[in-house]
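Down below is the structure, laid out as structure tokens.
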Amino acid sequence: MVQDGKIRCFGSAPGKEFYARYHDDEWGVPVHSDRVLFEFLLLEGAQAGLSWEIILRKREGYRKAFHGFDPHRVAAMSDGELGELRNQPGIVRNRLKIASARTNAAVFLRIQQEFGSFDRYAWGFVGGRPIVNQWDSAASVPAVSRESDALSKDLSGRGMKFVGSTIVYAFMQAVGMVDDHLTTCWLRRPG
């Protein structure tokens, strides 16, 4: 158990120190790096139907398999390279999720060309500033929002896969577009 006396939204259970570090250092922190935004899009898509904890434990495997989350290199991966990843225990070996990484990288690059950066595009869905919510309990935190619905619909319309509204909302939380730290959390930022 994390014995530092800090109250967290998640990650304080015994054996979950890595999860506490993710909560404290990354979750809800505004991200404006296109490479990191692509990383979280890929990881959140891989998480569909699984726990985020599983994906975090496999993060380094994903980093290795998908060229450091370089969207140019991922978009250029061959069918053979993608097929070989189904033998890699360091990632979720679902054929459709693996294939979606290349598809999504190509769409990501088109969005960058159209908007100048993926950052400008994505953050436009929240008016360029984090949405700071005031939830008192984890049970109050929604799985989707009007903004995640809109971003999901737009990404899907552009051809991305594994970008349903629930996945997109989790992405928005991870990259700080939405701040869902509970009011009791030591990281609660003033709203």
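You will find that of Thr184, Thr103, the residue that is out of contact with any Leu (no Cβ under 7 Å at 6 or more places or on another chain), assigned to a helix (DSSP H, G or I) and open to solvent by 50 Å² or more (accessible area, probe 1.4 Å) is Thr103 and no other. In this structure, Gly128 does satisfy being outside any helix (DSSP H, G or I), open to solvent by 40 Å² or more (accessible area, probe 1.4 Å) and free of Cβ contacts under 8 Å to residues at least 12 places away in the same chain. Looking at Trp123, is it assigned to a loop (DSSP other than H, G, I, E, B), farther than 27 Å from Gly80 by Cα and out of contact with any helix residue (DSSP H, G or I) (no Cβ under 8 Å at 6 or more places or on another chain)? So Trp123 fails the test.
Only one of Gly28, Gly11, Gly15, Gly90 is assigned to a loop (DSSP other than H, G, I, E, B) and touching a strand residue (DSSP E or B) at 6+ places or on another chain (Cβ under 8 Å). Can you tell me which? Only one candidate passes the filter, namely Gly28. Restricting attention to the stretch 143-154, the residues that are touching a helix residue (DSSP H, G or I) at 6+ places or on another chain (Cβ under 7 Å) and surrounded by 12 or more Cβ atoms within 10 Å (Cβ to Cβ) total 8. Only a single item in (1) out of contact with any Ser or Thr (no Cβ under 6 Å at 6 or more places or on another chain); (2) in contact (Cβ under 8 Å) with a residue 12 or more places away in the chain is not met by Asp34, and it is number (1). The residue that is farthest from Arg95 (Cα to Cα), among those in the stretch 1-35 that are of a type in the set (A, V, I, L, M) and either open to solvent by less than 30 Å² (accessible area, probe 1.4 Å) or touching an Asp or Glu at 6+ places or on another chain (Cβ under 7 Å) (or both), is Val2. If the requirement is being closer than 24 Å to Gly164 by Cβ and of a type in the set (A, V, I, L, M), which of these qualifies: Ala20, Ala65, Ala76? Only one candidate qualifies: Ala65.
Here is a check on your reading of the model: is Arg73 assigned to a helix (DSSP H, G or I), in contact with a Pro (Cβ under 9 Å, 6 or more places away or on another chain) and open to solvent by 30 Å² or more (accessible area, probe 1.4 Å)?
Details: assigned to a helix (DSSP H, G or I): yes; in contact with a Pro (Cβ under 9 Å, 6 or more places away or on another chain): no; open to solvent by 30 Å² or more (accessible area, probe 1.4 Å): yes.
So Arg73 fails the test.
Set side by side, the residues Ala170, Ala139 differ, and just one is in contact (Cβ under 8 Å) with a residue 60 or more places away in the chain, among the small types (Gly, Ala, Ser), open to solvent by 20 Å² or more (accessible area, probe 1.4 Å) and in a helix (DSSP H, G or I), which is Ala170.
The values are calculated or read from the model by the stated rules, or taken from the named source; none is laboratory data. Given the structure is predicted, the values throughout are model-derived calculations rather than measurements. Quick reminder, even Gly has a Cβ in these numbers, built from the backbone with ideal geometry, and neighbours come from all protein chains shown. Only protein heavy atoms, including side chains, enter the accessible area calculation; ligands, DNA and RNA are left aside. Shrake-Rupley method; radii C 1.70, N 1.55, O 1.52, S 1.80 Å.
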